Amino acid sequence: MSDISRPTLSALHQAFRNSFAALESNQRLWGSELAECSPLLGSLGNLAEQMRALSNVRVSSTPLGTFPKLEERLRFKLQEAADTVLEKLNEKMCRLQSARDAISNQVRSVMQLYEQNATSLDLQAVTERSAVTPSVADMLEWLQDAERHYRQQFLQRKVLLQTLRPNDLALLESLPERWKSLESPDGEQRITETLCRVSFFLELE
């Protein structure tokens with residue numbers, strides 16, 4: 001490695017430490033927020049089923065028909081409950097977006113630093129690895145893969161929620177299953193494995 005590469009490599013390594021530390025904390029945040037979405041999705045599916053059941057019954061033809069505007073009030077209550085659940089889901093999406101943005105910003109920062117100093121890094125500096133320090137090339141690839149994973153995961157879930165319509169009960173009922181189908185355990189596992197690979201590197205000063 002040339003002498004000119006050493007200061008740049010040192011700065012890059014610090015940027016990598018910051019980025020992987022951010023990835024680790026935001027992976028935990030992502031997992032926590034995503035887990036809290038499941039009961040909300042289940043509630044929304046149940047409310048949609050109740051709305052469908054109400055639509056299939058002529059309340060006026062039942063003993064409950066003596067209560068004025070009962071069907072209208074029940075429908076309003078169910079819709080109000082669904083709106084509340086959707087509002088909570090949107091709050092969760094905002095937190096997922098915060099995690100995604102934090103990861104993206106760190107990866108963008110380290111990529112900019114690398115591109116600004118690429119000419120001062122020789123091939124050995126970029127590809128050299130040790131028992132505890134992965135190569136620059138490896139770490140760049142791992143960070144980009146992680147950023148792409150969370151960007152795609154967030155976008156798919158955002159698009160799914162944007163397709164919802166209050167009067168489309170079939171879509172509301174199928175939401176929990178469709179949401180679950182977006183899970184990417186392989187992608188999460190690869191990120192966890194990456195964080196294991198860099199664990200010793202993160203502890204270096």
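The values are calculated or read from the model by the stated rules, or taken from the named source; none is laboratory data. All values derive from a computational prediction rather than experimental measurement. Ideal geometry is used to build each Cβ from the backbone, glycine not excepted, and the neighbour counts take in all protein chains shown. Side chains are part of the model used for accessible areas, which takes the heavy atoms of the whole protein and leaves out ligands, DNA and RNA. Shrake-Rupley method; radii C 1.70, N 1.55, O 1.52, S 1.80 Å.
Within region 64-84, the set of residues being at pLDDT below 65 and open to solvent by less than 80 Å² (accessible area, probe 1.4 Å) comprises Gly65, Leu70. Here Thr127 clears all of (1) in contact (Cβ under 8 Å) with a residue 24 or more places away in the chain; (2) open to solvent by 60 Å² or more (accessible area, probe 1.4 Å); (3) β-branched (Val, Ile, Thr) except the condition numbered (1).
Here region 20-39 is the region considered, the condition is being in contact (Cβ under 8 Å) with a residue 24 or more places away in the chain and farther than 15 Å from Ser98 by Cα, and the residue that is most open to solvent (accessible area, probe 1.4 Å) is Glu36. All of Ser109, Ser120, Ser199 fail the test of being farther than 21 Å from Leu34 by Cα, without any contact (Cβ under 8 Å) to a residue 24 or more places away in the chain and either surrounded by 12 or more Cβ atoms within 10 Å (Cβ to Cβ) or of a type outside the set (D, E, K, R) (or both), apart from Ser199. Within region 146-194, restricting attention to residues that are within 30 Å of Val132 (Cα to Cα) and touching a Gly at 6+ places or on another chain (Cβ under 8 Å), which residue is most open to solvent (accessible area, probe 1.4 Å)? Only one residue tops the list, namely Glu188.
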